[in-house]
Number of protein chains: 2
Amino acid sequence: MSDLPLRVVPLGGFGEIGKNLLALEYDQDILILDAGLMFPENDMLGIDLVYPDITYLTERADRVQAIVLTHGHEDHIGALPYLCKYLDVPVYATALTRGLAELKLKEAGLLADSELHTITTDDVLTLGCFTVEFFHICHSIPDAVGIVVHTPVGTVVHATDFKFDQNPVDGKLTDTEKLRALGDRGVLLLMSDSTNADTAGFTPSEQSINGTLEDVFATAHGRVIIATFASNISRIQQVINVARLNGRRVGVIGRSMVNNVRMAINLGFLDIAFDDLLSTSEMNNRPPEQVVIVCTGSQGEPSAVLSRLASGEHAQLEIVPGDTVVLSATPIPGNEELVNHIIDDLFRLGADVIYSDLCDVHVSGHGSREDLRLMFTLTRPKFFIPMHGEYRHLVLHARLAREVGLPQTAIQIVESGQVVEVFPDRMQLGEVVNGGHVLVDGLTVGEVGEAVLRDRKHLARDGFLVAIVTINRATGEVETDPEILTRGFVYVGESEDLIEGAKERMWQVLRMPGAASSARNKIKDTLSQFCYNRTGRRPLILPLVLEV
Amino acid sequence: MSDLPLRVVPLGGFGEIGKNLLALEYDQDILILDAGLMFPENDMLGIDLVYPDITYLTERADRVQAIVLTHGHEDHIGALPYLCKYLDVPVYATALTRGLAELKLKEAGLLADSELHTITTDDVLTLGCFTVEFFHICHSIPDAVGIVVHTPVGTVVHATDFKFDQNPVDGKLTDTEKLRALGDRGVLLLMSDSTNADTAGFTPSEQSINGTLEDVFATAHGRVIIATFASNISRIQQVINVARLNGRRVGVIGRSMVNNVRMAINLGFLDIAFDDLLSTSEMNNRPPEQVVIVCTGSQGEPSAVLSRLASGEHAQLEIVPGDTVVLSATPIPGNEELVNHIIDDLFRLGADVIYSDLCDVHVSGHGSREDLRLMFTLTRPKFFIPMHGEYRHLVLHARLAREVGLPQTAIQIVESGQVVEVFPDRMQLGEVVNGGHVLVDGLTVGEVGEAVLRDRKHLARDGFLVAIVTINRATGEVETDPEILTRGFVYVGESEDLIEGAKERMWQVLRMPGAASSARNKIKDTLSQFCYNRTGRRPLILPLVLEV
């Protein structure tokens, strides 16, 4: 038994915790579980991606033993290139997860310098003071695992994203026996997916949507186009299986999806030969009732295939009346408006569109309340930290833990950056570390922060107005007429009056005795008031007084 | 019988048609049905409200006979002040709808100049060549009516927003007998709500959520705070009814809700005395288990009460542990992220939060597929135009019309601005008129258009950079060092290198022989390239060359 605590350090996420990156720390050893990215929220204007803040790890780089991955979704492996750039540690993953991770590292030019190891659920790894095992879990991607970490303080089960699918596409069930055996031997701490803690019952099997797919494939008179996530290898296999039964052949379109499918076929995770997939020309020229096309863009991503099909801007493929489009996904909150516009546009092009409001075209990969309850029943942990999901999900998951009998003191709701210290007989809050996120914008990581975002919000709302005047350095006299540059505030071509009025106000300020010294601030105040009185809006105002 | 067609002119809405304003036109007479506004979509940056484009009506102002309103929701009466400013015509509405309309006109200072008439479902109006009757409909607001317009071409039924609630809060059923009688006499054209055309079954009664309310009121240990729409008078009555059964008293907070409640009580549409409502001080000081508070903000509106409660910024009310908050609404697509953040923040403050994913706290006011089917069965129209809802809903509603037996030629899907001409024996597309929308931003209506929005999107994504240089008019020499002003692009305090690099590039351009004449364009091109190479971003670049 140890006097030192096991330290749980959740990093990344907004409100969510440990969604993207979770570190376990004991004494001098740190183990990283997952390395995911986040997608920007709607108010993160102009931001492309969001990485977890890994300052805590880079400051302790020599103590990090390894990165262990649970599955190949973006929010679990998407920041791996970023971590591998700063941390020189081995990465452990199952074959498919490794395959997806390698595609990312290759794209970032980091594959050659990274050390990857393939693991199976039979492996036991010794990583510093940690002994690590794996258990198979069902999720919306094959070859996913939960992680068991035996530490000097006790055994930790990290259940990551999971559901108890009783009929998974690849036939591999969540390993309840291993979980039960772990429970028998004693689990110190369970950390488990909260995403669907507000959903009653068990989450249905991935195969529960086969009926819908069969109906659509059998009744559609033309091509069927199915949009889903590029990493949703199980869904792609389902489409292949149902297509075979209906005399249709499948093609895949979209760079990331083609790469993933090629890799999954090579590794044996998709039961189809790459040459059996339709080429783009076959998608267009075979009898339409024999064609199925799988593509990206189910979340309305503007640059993905589906969005370009809806706007008629795809180079190789065009929606024609008779096509049936299936959106095999539920919009992530924040994406609904985009997705709805795409559905409307596809209807306008004459397609029939099948989406989640109409029938079961998607099923969640995350366990619902009964799945979560079963995880407790199997592992019978002493302590529990709800992971993944937003704050409301953590609260509801914590309540569920109370329902299954854990005392309040055995449950800790924390957000990213809040360290939890776990002892054999108690759990307490540790310090708060940098646990937030860094914004990726264009080529830069972390350069665009709150100040820039605040300005972008201001500019998005009311635009800007730059007011320039030159003053003679020697005489203090105004040298040139005031100039106004403005965008996003008023339409300049139709606002001559307003612009002239603003210049007139500038003259009034400049004519005041002794104005030169404080002209900048006075111009700003005067123009702010003037713009607000005239338009009810508050553009960002930047005065510039040039001395010549 | 007439040789002239009845012209249906849908105005306003995005994708939606006739949601906000629908004109019927025959020969020289125009009748306006509803005068609603829209809420800006997420990509309409900085826009406060959206009005229908009424150019078509103002150009024919002398021919407009009247505005007839169906019910008091914003998307049906919110643009009334805008219409009343430009059209001097009488407005007809039921008592509650008139009450809500008067509050709007009063706020706009237009009440004294407007001519309003209260109507009941017994009234028959002669408005130009049109004879207008009304039939009661159930919706999520009391005193709602559908409109029957007898025209020289035939009878039009405008079913607006409705459902066949079998147990409405006010006991008044949708008037199926009148609808059936109309059907018996012959309906030329039906226009009917498509909002829920993708939802199976009948929409449940408003009272179907009473059970949830009763459970919450009975089990909550502290105060119950219920957020809903300010115009949802039925929901407020339900809350009052259930509170009475549970020994709780109700208070109302939020300016628009207090105004609406006061008016509804005065008109007899709420069964409670104004003095029986809790004051703010009573909300805070009575035993919490006896308190219910109804407030606005169920859609996450940033300035509404719920949002301010969640951020701890409300002046009179504070969320405390033990409070139970009920969001009695489903987020409108586009609002999910905002609403979710509010739910998370309320949980963080220690409240229990009941929202639509957890149990039935809201029911739609719009009929589902079986309601829509019943409307066809009752009215048996010769022609049909699906109204309200987005394009996908119109398509699905049109398909339903085919299912109930209408031939394809009897159904016309159109979008705003597309005139439809209806003859006794056929229907055809007319011309396309200005049917879009105008943007309200601050004090101005229609001033901010596509060009300004495009700039705002650019600024929101990558910010701007203004580059200024002064040149001596006489010598062509550079007079002052180049200046750079930038916001929303990089954080200036940490980007000295970049700014200096940009200035250096400006010098390079200016040093080129004969640069002065084309300096502006050359600086723009050079800086665009420089910024993109360095950051991967494309700020809006505005060069200014001042001659001194």
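Annotation note: Cβ proximity below 8 Å between a residue of segment B:78-96 that is closer than 17 Å to B:Lys106 by Cβ and a residue that is among the aromatic types (Phe, Trp, Tyr) (sequence gap 6+ or interchain) occurs for B:Ala79/B:Tyr51; B:Tyr82/B:Tyr51; B:Ala95/B:Phe269; B:Leu96/B:Phe269. Could you pull out the residue among B:Ala474, B:Ala515 that is at pLDDT below 95, farther than 23 Å from A:Leu465 by Cα and surrounded by 16 or more Cβ atoms within 10 Å (Cβ to Cβ)? Answer to the selection: B:Ala515. Touching a residue at least 60 places away in the same chain (Cβ under 8 Å), under 22 Å from the mean Cα position of the chain (by Cα) and farther than 30 Å from A:Glu547 by Cβ: is that true of A:Leu453 in this structure? Yes; evaluated as a whole, the condition is true for this residue.
None of A:Ser298, A:Ser368 is in contact with a Leu (Cβ under 6 Å, 6 or more places away or on another chain), hydroxyl-bearing (Ser, Thr, Tyr) and either away from chain B (no Cβ under 14 Å) or in contact (Cβ under 8 Å) with a residue 12 or more places away in the chain (or both) except A:Ser298. What pairs can you find where one residue is in segment A:242-268 and at positive phi, the other is assigned to a strand (DSSP E or B), and their Cβ atoms are less than 8 Å apart, with a gap of 6+ or different chains? Pairs that qualify, where the first residue is at positive phi and the partner is assigned to a strand (DSSP E or B), are A:Gly254/A:Cys295. Scanning segment A:140-150 turns up at least one residue that is among the small types (Gly, Ala, Ser), under 30 Å from the mean Cα position of the chain (by Cα) and closer than 30 Å to A:Cys295 by Cβ.
One residue alone among B:Ser298, B:Ser256, B:Ser281 is out of contact with any Lys or Arg (no Cβ under 9 Å at 6 or more places or on another chain) and either in a loop (DSSP other than H, G, I, E, B) or buried (at least 21 other Cβ atoms within 10 Å of the Cβ) (or both), and that residue is B:Ser298. Is it fair to say A:Gly211 is of a type outside the set (A, V, I, L, M, F, W, C), surrounded by fewer than 16 Cβ atoms within 10 Å (Cβ to Cβ) and within 20 Å of A:Ser140 (Cα to Cα)? Yes.
Within segment B:6-33, the set of residues being in a loop (DSSP other than H, G, I, E, B) and either modelled with pLDDT of 95 or more or farther than 17 Å from B:Pro386 by Cβ (or both) comprises B:Asp27, B:Gln28. Taken over segment B:485-497, residues that are surrounded by fewer than 20 Cβ atoms within 10 Å (Cβ to Cβ) and either more than 10 Å from chain A (Cβ to nearest Cβ) or touching a helix residue (DSSP H, G or I) at 6+ places or on another chain (Cβ under 6 Å) (or both) amount to 3.
Yes/no per residue for (1) of a type in the set (A, V, I, L, M, F, W, C); (2) touching a Pro at 6+ places or on another chain (Cβ under 6 Å); (3) at pLDDT 95 or above:
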{"residue": "A:Glu282", "(1), (2), (3)": "no, no, yes"}
{"residue": "A:Glu289", "(1), (2), (3)": "no, no, yes"}
{"residue": "A:Val294", "(1), (2), (3)": "yes, no, yes"}
{"residue": "A:Gly297", "(1), (2), (3)": "no, no, no"}
{"residue": "A:Ser303", "(1), (2), (3)": "no, no, no"}
{"residue": "A:Leu306", "(1), (2), (3)": "yes, no, yes"}
{"residue": "A:Ser311", "(1), (2), (3)": "no, no, yes"}
{"residue": "A:Val320", "(1), (2), (3)": "yes, no, yes"}
{"residue": "A:Thr324", "(1), (2), (3)": "no, no, yes"}
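Taking (1) in contact (Cβ under 8 Å) with a residue 24 or more places away in the chain; (2) facing another protein chain (nearest Cβ under 10 Å); (3) of a type outside the set (Ser, Thr, Tyr); (4) surrounded by 22 or more Cβ atoms within 10 Å (Cβ to Cβ) in turn, A:Ala467 satisfies each apart from (2).
Within the set B:Val509, B:Val545, the sole residue that is part of a helix (DSSP H, G or I) and either closer than 20 Å to A:Ile468 by Cα or not small (Gly, Ala, Ser) (or both) turns out to be B:Val509.
The set of residues in segment A:350-373 that are more than 18 Å from A:Lys163 (Cβ to Cβ) and among the β-branched types (Val, Ile, Thr) comprises A:Val353, A:Ile354. Pairing each residue of segment B:329-344 that is farther than 20 Å from B:Ser231 by Cβ with any residue that is modelled with pLDDT of 90 or more and among the β-branched types (Val, Ile, Thr), provided the two are 6+ apart or on different chains, yields C-beta distances under 6 Å for B:Ile343/B:Val353. Among the residues making up segment B:79-124, those that are of a type in the set (Gly, Ala, Ser), surrounded by 21 or more Cβ atoms within 10 Å (Cβ to Cβ), within 22 Å of the chain's Cα centre (by Cα) and farther than 22 Å from B:Lys163 by Cα are B:Ala79, B:Gly99, B:Ala101. Take B:Val432 and decide whether it is without any contact (Cβ under 8 Å) to a residue 60 or more places away in the chain, more than 22 Å from B:Gly367 (Cβ to Cβ) and away from chain A (no Cβ under 14 Å). Here the answer is yes, as B:Val432 does meet what is asked.
Consider B:Arg534 carefully, then state whether it is within 14 Å of another protein chain (Cβ to nearest Cβ), in a loop (DSSP other than H, G, I, E, B) and out of contact with any Lys or Arg (no Cβ under 6 Å at 6 or more places or on another chain).
Judged against the criteria, B:Arg534 is not a match.
Out of segment A:349-408, which residues are of a type in the set (Val, Ile, Thr) and in a helix (DSSP H, G or I)? Result: A:Thr377, A:Thr379, A:Val395. When A:Glu337 is tested against (1) outside any loop (DSSP other than H, G, I, E, B); (2) touching a Pro at 6+ places or on another chain (Cβ under 7 Å); (3) crowded, with 21+ Cβ neighbours inside 10 Å, only condition (3) is not met. Determine, yes or no, whether B:Asp525 is within 13 Å of another protein chain (Cβ to nearest Cβ) and in a helix (DSSP H, G or I). Here the answer is no, as B:Asp525 does not meet what is asked.
Only one entry in A:Glu447, A:Glu415 is without any contact (Cβ under 8 Å) to a residue 12 or more places away in the chain and in a loop (DSSP other than H, G, I, E, B), namely A:Glu447. No other residue among A:Thr120, A:Thr70, A:Thr97 is of a type in the set (S, T, N, Q) and under 16 Å from A:Asn260 (Cβ atoms) apart from A:Thr97.
The single residue among B:Glu336, B:Glu282, B:Glu318, B:Glu313 that is touching a strand residue (DSSP E or B) at 6+ places or on another chain (Cβ under 8 Å) and either within 14 Å of chain A (Cβ to nearest Cβ) or among the acidic types (Asp, Glu) (or both) turns out to be B:Glu282.
The values are calculated or read from the model by the stated rules, or taken from the named source; none is laboratory data. Small disclaimer: the values here were computed from a predicted structure and weren't measured. Every residue, glycine among them, receives a Cβ derived from its backbone with ideal geometry; neighbour counts consider all protein chains shown.
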